[in-house]
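No value in this document is a laboratory result; all are computed from the given coordinates. Note that the structure is a prediction, hence the values are computed from the model and not measured. Please note: Cβ atoms are built from the backbone with ideal geometry, for glycine as well, and neighbour counts cover all protein chains shown.
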Amino acid sequence: MQLVLVFLGAGIGGVSRFLFGKAATQILGAAFPYGTLGVNVIGGFCMGIAAAILAKNADNSGFIHYFVMVGILGGFTTFSAFSLDVVKLAQSGQMTIAALYVGASVVLSIGAVLLGMALMHKIV
């Protein structure tokens, strides 16, 4: 059942991200990644709401966690999950680890994109 909830939620999130990005580009232009920024901010906000609901209401925790948080918000943006991880680390007093996580995530993710692109340029 968990896989079904994640699968359905991710489909909704992915399609929502696509439509939001397309609309943002049509309305605001393509000079800046407004769509990506928008889904990251909206996703983070929604992740905060879902985490707060989950903390106060364990009755629907499976649905909220798997369908909403992992599925919809994971499909909409993985940045929301990253943001929640950072907040949890900071709230538990692990500021150094939170900062290292932010730095490592940004640097390593950008590095991975560059590495993947370089690899494909050599292959293709």
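A few comments on the model shown:
- When you restrict to C-alpha pairs under 8 Å that are six or more residues apart and normalise by the size of the chain, the relative contact order lands at 32 percent.
- 77, 36 arranged by Cβ crowding within 10 Å, fewest neighbours leading: 36, 77
- Between residue 101 and residue 8, the FRET efficiency estimated from the beta carbon spacing at R0 = 30 angstrom works out to 0.50.
- Mean projection of the Cα convex hull over all viewing directions, computed for the chain: 10.0 nm².
- Theoretical FRET efficiency, 1/(1+(r/R0)^6), r = Cβ-Cβ of residue 63 and residue 112, R0 25 Å, to 0.05: 0.15
- Here the extension length gained between residue 36 and residue 91 equals 17.2 nm, from 0.36 nm per residue of separation less the Cα-Cα distance.
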